[in-house]
Amino acid sequence: MAKPYSNYTLEDLIDNQSFRKWVKDPDSDQSDFWQEWLYQYPEKADLVAQARQILTNMDEDIEDDDMIDVWDRITKTNNEYEQGLQHINTPVSNTFPIYFQWAAVILGVILTSALVWYGLQEEQIHYTTHYGEIKTVVLPDGSTVQLNSNSSIRYTKRWNSTQIREIWLEGEAFFSVRHTSIHQRFLVHTPQVTVEVLGTQFDVNTRRSTARIVLSEGKIQLNDIQRHNGSLEMAPGELVEVNKAIDTLIRRRVDPDNYTSWKQNKLVFEDMVLSEVATVLEDNYGFEFYFKDQEIANFTFTGSVSRDKVPLLFTILEKTFRIHINQNGNKVTVSK
């Protein structure tokens, strides 16, 4: 009968093929299971750290059959060390110094354990996307983040039921937050505002000194804003834009699907002036737009294309407005 995962020892972890695969590749298909396991058994975090350290120092191509021999060597070395301690012959006159030696050993173990625990608490996980790239991240609590192009998130590696779930975002991401039975707080920190949720779906864009939040479902609260007594609750279908630098707050009703279409690999524009279309393309693909005529920049466009068909979008804009779009590398010039 297989041993329950709750009773796993260091040897069990090292001998577990799924665990070794996760250590070697944290983004593998084993990631969800072991992150959920750590979330359920936070007291095992230091054990995981020890097992990870041992495995990362091994040959990456070690065979499963060799793992027993590896563990035998570790156990044998440990036993020899303990037996050696038992056979130490110490004169009576040196008894007092021995106490200090043992105290030093015990203190060292305590400090090492504390440092490991603290390191696990504070170790940061970072995810970044390049221009044109979208990435899905599963958080330690099972919530998911879809990270749009040219964006990044970070969070502490270890989450447990006693702490606030916190994410730091730069760029744009869509959050599907898992509700917990003890109603844990979930915070998304941006330079402009902090978004607090319990269980919901929403999009946050923090580019260009403005935080834009679009709520798809559920309820969220915006904290650390200068107006509305420092906080503001949003309802589904609402958009809020906050800019602390110029002390502005815009709130209006929208169709959330138009702001989260990038998750379906689509670019959707609804009644958007071309200067704003250019901004979307600059943020997601690294283009630099130059309008030779401001009148062109104010043309209003409605339409959609696949994210990987930007040249087709340029063709549609040219034919729709009878303009010329010249692309040279990442520089794009728009003229009549």
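The values are calculated or read from the model by the stated rules, or taken from the named source; none is laboratory data. What you see is a predicted model; the values in this text were computed from it and never measured. Cβ: placed from backbone, ideal geometry, glycine included. Neighbour counts: every protein chain shown.
Can you run down the residue pairs with Cβ atoms below 9 Å, 6 or more apart or on separate chains, where the first is in the stretch 40-52 and free of Cβ contacts under 8 Å to residues at least 40 places away in the same chain and the partner is among the small types (Gly, Ala, Ser) and part of a helix (DSSP H, G or I)?
GLN40/SER6; TYR41/SER6; LYS44/SER6
Going by the conditions given, is LEU187 without any contact (Cβ under 8 Å) to a residue 40 or more places away in the chain, surrounded by 19 or more Cβ atoms within 10 Å (Cβ to Cβ) and outside the structural domain of THR279 (by TED's automatic domain parsing)?
No; evaluated as a whole, the condition is false for this residue.
Please indicate, with yes or no, whether at least one residue in the stretch 302-324 is surrounded by fewer than 14 Cβ atoms within 10 Å (Cβ to Cβ), in contact with a Gly (Cβ under 9 Å, 6 or more places away or on another chain), among the β-branched types (Val, Ile, Thr) and modelled with pLDDT of 90 or more.
Within the stretch 302-324, one or more residues are surrounded by fewer than 14 Cβ atoms within 10 Å (Cβ to Cβ), in contact with a Gly (Cβ under 9 Å, 6 or more places away or on another chain), among the β-branched types (Val, Ile, Thr) and modelled with pLDDT of 90 or more.
If I ask for residues that are of a type in the set (A, V, I, L, M) and free of Cβ contacts under 8 Å to residues at least 40 places away in the same chain, which ones from the stretch 190-202 would you list?
Within the stretch 190-202, VAL195, VAL197, LEU198 qualify.
Quick one: which strands (runs of 3 or more DSSP E) sit completely within the stretch 210-295 and have at least 3 residues that are assigned by TED's automatic domain parsing to the domain that holds LEU169 and surrounded by fewer than 16 Cβ atoms within 10 Å (Cβ to Cβ)?
The qualifying strands (runs of 3 or more DSSP E) are 248-253.
Are any of the residues in the stretch 296-305 without any contact (Cβ under 8 Å) to a residue 24 or more places away in the chain and under 22 Å from VAL254 (Cβ atoms)?
Checking the stretch 296-305: not a single residue is without any contact (Cβ under 8 Å) to a residue 24 or more places away in the chain and under 22 Å from VAL254 (Cβ atoms).
With the structure loaded, tell me whether PHE175 is closer than 29 Å to THR302 by Cα and either among the hydroxyl-bearing types (Ser, Thr, Tyr) or within 21 Å of the chain's Cα centre (by Cα) (or both) or whether it fails that test.
Criteria met by PHE175.
Would you be able to tell me the number of residues in the stretch 157-209 that are among the charged types (D, E, K, R) and part of a loop (DSSP other than H, G, I, E, B)?
6
Where the second residue is modelled with pLDDT of 85 or more and the first is at positive phi and lies in the stretch 159-174, which pairs have Cβ atoms under 7 Å and are six or more apart or on separate chains?
The qualifying pairs are GLY171/ASN148; GLY171/ASN150; GLY171/SER151; GLY171/SER152; GLY171/THR206; GLY171/ARG207.
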